[in-house]
1. For ASP14 and SER28, compute 0.36 nm times the residue count separating them, minus their Cα-Cα distance, and round to one decimal in nm.
2. Treat each spin label as a single point 7 Å out from the Cα along the C-beta direction, and report the GLN7 to CYS138 distance in nm.
3. So with the 1.4 Å probe, I'd like the accessible area per residue for region 9-49, rounded to whole Å².
4. How much length is gained on full extension from SER40 to ASP82, taking 0.36 nm per residue of separation minus their Cα-Cα distance?
5. Write out the chymotrypsin sites (Phe, Trp or Tyr not before Pro) in region 1-71 meeting two conditions: DSSP loop, and at most 12 other Cβ atoms within 10 Å of their Cβ.
6. Give me the distance in nm between label points sitting 7 Å out from Cα along the Cα-to-Cβ direction at ALA92 and ALA54, one decimal.
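The values are calculated or read from the model by the stated rules, or taken from the named source; none is laboratory data. Quantities reported herein were computed from a predicted structural model and do not represent experimental measurements. Cβ placement follows ideal geometry from the backbone for every residue including glycine, while neighbour counts extend to all protein chains displayed. Remember, those area values only see protein heavy atoms, side chains included, never the ligands or the DNA or RNA. Shrake-Rupley method; radii C 1.70, N 1.55, O 1.52, S 1.80 Å.
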Amino acid sequence: MSHMDEQTDYDSLDDAIERYGIPLENRSFVHRIPATIPLSRFRSTSGYIRADRAAGGPQLNISFGWTNGFMSRDEVVAVFGDVDCWESPSRAPLWGVSHPLNRMREGNESSIRSVDRDYGTCEIHHLTLSASGACPSCE
């Protein structure tokens, strides 16, 4: 399902990540959050799922390949263990973490880490199909 332009409330984190399209590879990772931080409300936005904390505090923004809104590096470690995390550039002094499958920029490098996906091969031209399923030569 495509991301919604309108904000939509969901009954559970499971419902939100299913409807938002968080990849299967990231779901068990994301599910570690409510095991440590009680969450009370889930709302989709155009770029992420907003998860409100039951005890108040900054909301967590959960996207395809990252989550941010953690109050400290220690909070990230309490949820996920010893993982690479980063200070949120847009929500300082909050912290974020990259999910196992992501498209995040690494440090100051200009390259973007991405996952190689196999969208199939054109039976006529033997070229790799695009994400939309189109062959570059058939278009």
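1. Full-extension gain reported as 4.0 nm.
2. 4.3
3. Per-residue accessible area for region 9-49 comes out at 50 Å².
4. 12.5 nm
5. Values: sites: TYR10, TYR20, PHE29, PHE42, TYR48, PHE64, TRP66, PHE70; in loops: TYR48, PHE64.
Loop-located and lightly packed - none at all.
6. 3.4
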